[in-house]
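Undergrad: Structure incoming, see below.
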Amino acid sequence: MILSRRSIILSGITVAAAGALPRFAYAAAGTPKRLVFVIQRGAADGLATVAPTGDPAFAAARRALADESAGGVKLDALFTLHPSLAQTASLYTGKQAHFAHAVATAYRDRSHFDGQNMLEGGGARPYGRDDGWVGRLLTLLPAAERDAIAIAPAVPLALRGSVQVGTYAPSRLPQADADLIARLTAMYANDPLLHPLWDSAVRTQELASDIGGNNGRNGADLGKLAASLMMPADGARVMMVETGGWDTHSGQRGRLAAQLRGLDQLIGALQTGLGPAWNETLVIVATEFGRTVEVNGTGGTDHGTASTAMLLGGRLAAGGKVSADWPGLATAARYEGRDLKPTRSLESVIAGAVAHHYALDPKRVMTTLYPDA
Amino acid sequence: MAVQYLAANRFGLGRRFDDPAVDDPKDWLTRQIGDYDPAPAAIAGLAGREAIAIAYAEYRDERQAMRRDATNAQMGDDGGDAAEAMRRMARAGFRRHYGEAASARLAAAVATPTPFAERLVHFWANHFAISADKQTVVGFAGNYENEAIRPHIMGKFSDLLVAAVHHPAMLLFLDQAQSFGPDSVFATRVRNRGKRQAPGLNENLAREIMELHTLGVRAGYTQADVTNFAKALTGLTVAGLGRGAGQRLMPANARPGETVFVDRLHQPGAQTILGKSYGQPGAKQAEEVLRDLAVHPATARHVATKLARHFTGDEPPAPLVGRLAQDFERTGGDLPSLYRTLIASPEPWAAEPAMFKSPWDWTVSMLRALKAPGLGERQNIAAMFAQLGQPVWRPGSPKGYDDMVATWAGSAALMQRVELASRIAGRIGDRADARVLAPLVLADALTPETAQAISRADSPGQGIAMLFASPAFLRR
């Protein structure tokens, strides 16, 4: 992957111009810590990613979708990892992966945009904050660990805050930024010709940015790119990676398998690309909310509530474990009779992992990242 | 009714940032007929026919030499690589003429003070479409528009037709340069030697002239009319491109890239076309046919329909088509008279802008609106239009690009426009204020919703992107 100084989009005055610097492995003592936040936009199905195969209600609720868990790695008596996540399974065996299940942000409705806004902003209500939890975290970090970059055309909400952040958009995928797209969507809303055209154009673009495409290689490329931006001596230390394509309302089985294969390769490429620095890296994978327990009429699942978050890295507090205060999948145990009930806040999972990773006071981390909680 | 916007975009190519306000749009359009300059500064200095023909011949010779070398060397040593490099260089030479002409075409369109006339140049070049798919045609494409189309758009349709048909680009594109009279002196001699198959007729140009340029498809002409017309056209060819025997047939004084009439290739005798016998000698024969086709009532109808569609939409109103056809017949195809009829007719002014700008129109109107250059100096213009789905002078068929909304309004195309608008807006940044620009370029087509959306943009650049992607600006 060749990066040029030109293709680094500067949103602030200081940014790691990764490609313009000599590329050598940073392996000296006192390796700075690195953090990668992988956002799964579109509500990833936690019940398929880390399937509660030991729950008596699982097979009946998931019907045909339940079968795919058969080829996955058993994580414990209750949970089975999706078979697409082979490299992640090895990390789990090596105590470098942790899954937090039945988690959700404070958001309880089912709009992607509101949900993502809460996940990134970390506020108590949608659009409650105009900065994000990663952006606020940067204020707690030493200067050497504060350089942050997002692989996105514009700075995502999660990274916004008082510290300047860079963005990098691969130039082979020129994309109009998400904000312009949203504004044009409103502009075309009442235009009988442009509205359907635009609708389809935006959906196609979202598909093109799926990490599941190209048999997972899109995910691998993204992971490799992320690692290359974090490797140089003064490269980025905090990274946000965007993934889309998780909104599996129909034909979930094949689509989600491809998505997770892409995610698995992304994680694998990150680990490989970071080399020894992986041991000082924490990767957080999270989505805005989960999906319904029951399969819908089109072989998919609809917007739900609780889902799964992944923590990956060399020095996890509880690697090789699934943590869950498991609510059960029986109808009576579900949230509003349809969704996996959230029994733990995603905010506390993220704050806890970050505090451990950077050896910071957990209370201070919690009040900084989630001041409204 | 968005009269100002229609005048500037349906008739013109979009308002320039420095255009003065137009009080009387119809008068402004009519004056352009007289003010039109067939040789604008932007196209001066482009390569002439001879240089273009020589560049092609060099490329062809390099290619041949390379093949010979490859055969001699039995593949794969250094000689092959060197030949490949030379071939690429020669190829770059003749492709450069295309790229330079495409850039000049854009510069002319962006700068022109007579955008209605310039639109008509584009319209007629597309009516008499050539397509730069063939290696022989590529270099000539720009020269075709500049030398066959531009000088004739304010004259008679018949002169425009004759000029288009006689240009090397058309003769090469529709295979006329290789069409020989079956009983011509040349074919007869080859046949008598009995060594190889005698060269013969190619009907391509004759058919497309009748079907696309003049009468229109299914206008009553027969296969015999096409064949006889093709025979009448034989003898017309291009000097300096052929090889071997063909080259020796050319007149001694012919310059490369020049259209020539070679009597020894011409089918002798009179030809009957549409019931009329044409007995003129030599090149005169085909020209007489062309001049009759040019004023045929079916041609009047065909041209009127296309012109009306270009200025009203997918389904041109019958009264407008009728009025233009009548005018065409009455004046014997006087083009300025057609334009005046078009301007004076109510139909092009009746509707809100409902036509979807082609990628070309949209890009030109965008660049005209900006004072600062919207594209980088090193921007490859030809490649940009290829990416937008409308490669310059390369519609892929002699039919040209069509004027239907559905041709240009696609979802991927729309996203590409938004991406280009974003890129241009990124270059412009705060050197233009979309809130000031919007009332100027959208004029009476600016809706309160669009004005508000632009004013709420999160940056000057985003405002410009939204202006260019606005529903009104995408239309004409």
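The values are calculated or read from the model by the stated rules, or taken from the named source; none is laboratory data. All values derive from a computational prediction rather than experimental measurement. As a convention, Cβ positions derive from the backbone with ideal geometry for all residues, glycine included, and neighbour counts pool all protein chains shown.
Undergrad: Mind telling me which of the residues A:GLY319, A:GLY328 ends up being modelled with pLDDT of 95 or more, at positive phi and assigned to a loop (DSSP other than H, G, I, E, B)?
TA: Only one candidate passes the filter, namely A:GLY328.
Residues checked against (1) at pLDDT below 95; (2) assigned to a strand (DSSP E or B); (3) touching a Lys or Arg at 6+ places or on another chain (Cβ under 9 Å):
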| site | (1), (2), (3) |
| --- | --- |
| A:GLN265 | no, no, yes |
| A:TRP278 | no, no, yes |
| A:LEU282 | no, yes, yes |
| A:GLY297 | yes, no, no |
| A:LEU312 | no, yes, no |
| A:HIS357 | no, no, yes |
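Undergrad: Looking at A:LEU65, A:LEU81, A:LEU75, can you tell me which residue is in contact (Cβ under 8 Å) with a residue 12 or more places away in the chain and under 23 Å from A:THR298 (Cα atoms)?
TA: Residue meeting the stated conditions: A:LEU65.
Undergrad: Then there is this: Test each condition in (1) surrounded by fewer than 24 Cβ atoms within 10 Å (Cβ to Cβ); (2) over 15 Å from B:PRO395 (Cα atoms) for B:HIS127 and report the one that comes out false.
TA: Result: B:HIS127 passes all but (2).
Undergrad: Would you tally the residues in region B:375-400 being at pLDDT 90 or above and under 19 Å from B:PHE473 (Cα atoms)?
TA: Summing the residues that are at pLDDT 90 or above and under 19 Å from B:PHE473 (Cα atoms) in region B:375-400 gives 3.
Undergrad: Name every residue in region A:95-141 that is polar (S, T, N, Q), closer than 30 Å to A:GLY328 by Cα and not in a helix (DSSP H, G or I), in order of residue number.
TA: A:GLN96, A:THR105, A:SER111, listed by residue number.
Undergrad: Go through the residues of region A:239-255 one by one and say whether even a single one is in contact with a Ser or Thr (Cβ under 8 Å, 6 or more places away or on another chain), in a helix (DSSP H, G or I) and not polar (S, T, N, Q).
TA: yes
Undergrad: Return yes or no: is A:ALA373 in a helix (DSSP H, G or I) and small (Gly, Ala, Ser)?
TA: No; evaluated as a whole, the condition is false for this residue.
Undergrad: So which residues in region B:450-466 are exposed (fewer than 15 other Cβ atoms within 10 Å of the Cβ), assigned to a helix (DSSP H, G or I) and either away from chain A (no Cβ under 11 Å) or charged (D, E, K, R) (or both), if there are any at all?
TA: Answer for region B:450-466, where residues must be exposed (fewer than 15 other Cβ atoms within 10 Å of the Cβ), assigned to a helix (DSSP H, G or I) and either away from chain A (no Cβ under 11 Å) or charged (D, E, K, R) (or both): just B:SER455.
Undergrad: Need pairs with beta-carbon distance below 8 Å; first residue farther than 12 Å from B:ALA354 by Cα and within region B:1-14, second hydroxyl-bearing (Ser, Thr, Tyr); sequence gap 6+ or separate chains.
TA: If the second residue must be hydroxyl-bearing (Ser, Thr, Tyr), the pairs left are B:LEU13/B:THR112; B:LEU13/B:SER365; B:GLY14/B:SER365.
Undergrad: In addition: Yes or no: region A:227-235 includes at least one residue that is within 14 Å of another protein chain (Cβ to nearest Cβ) and surrounded by fewer than 19 Cβ atoms within 10 Å (Cβ to Cβ).
TA: Within region A:227-235, none of the residues are within 14 Å of another protein chain (Cβ to nearest Cβ) and surrounded by fewer than 19 Cβ atoms within 10 Å (Cβ to Cβ).
For (1) modelled with pLDDT of 90 or more; (2) more than 24 Å from B:VAL260 (Cα to Cα), each residue gets a yes or a no:
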| residue | (1), (2) |
| --- | --- |
| B:ARG196 | no, yes |
| B:GLY200 | no, no |
| B:ASN204 | yes, no |
| B:HIS213 | yes, no |
| B:TYR221 | yes, yes |
| B:ALA224 | yes, yes |
| B:LYS231 | yes, no |
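Undergrad: Looking at region B:437-449, which of its residues are within 22 Å of B:PRO20 (Cβ to Cβ) and either within 12 Å of chain A (Cβ to nearest Cβ) or small (Gly, Ala, Ser) (or both)?
TA: Residues satisfying the conditions are B:ALA438, B:ALA443, B:ALA445.
Undergrad: Of all residues being charged (D, E, K, R) and touching a Ser or Thr at 6+ places or on another chain (Cβ under 9 Å) in region B:400-436, which is nearest to the other protein chains (Cβ to nearest Cβ)? Just the residue, please.
TA: It comes out as B:ARG417.
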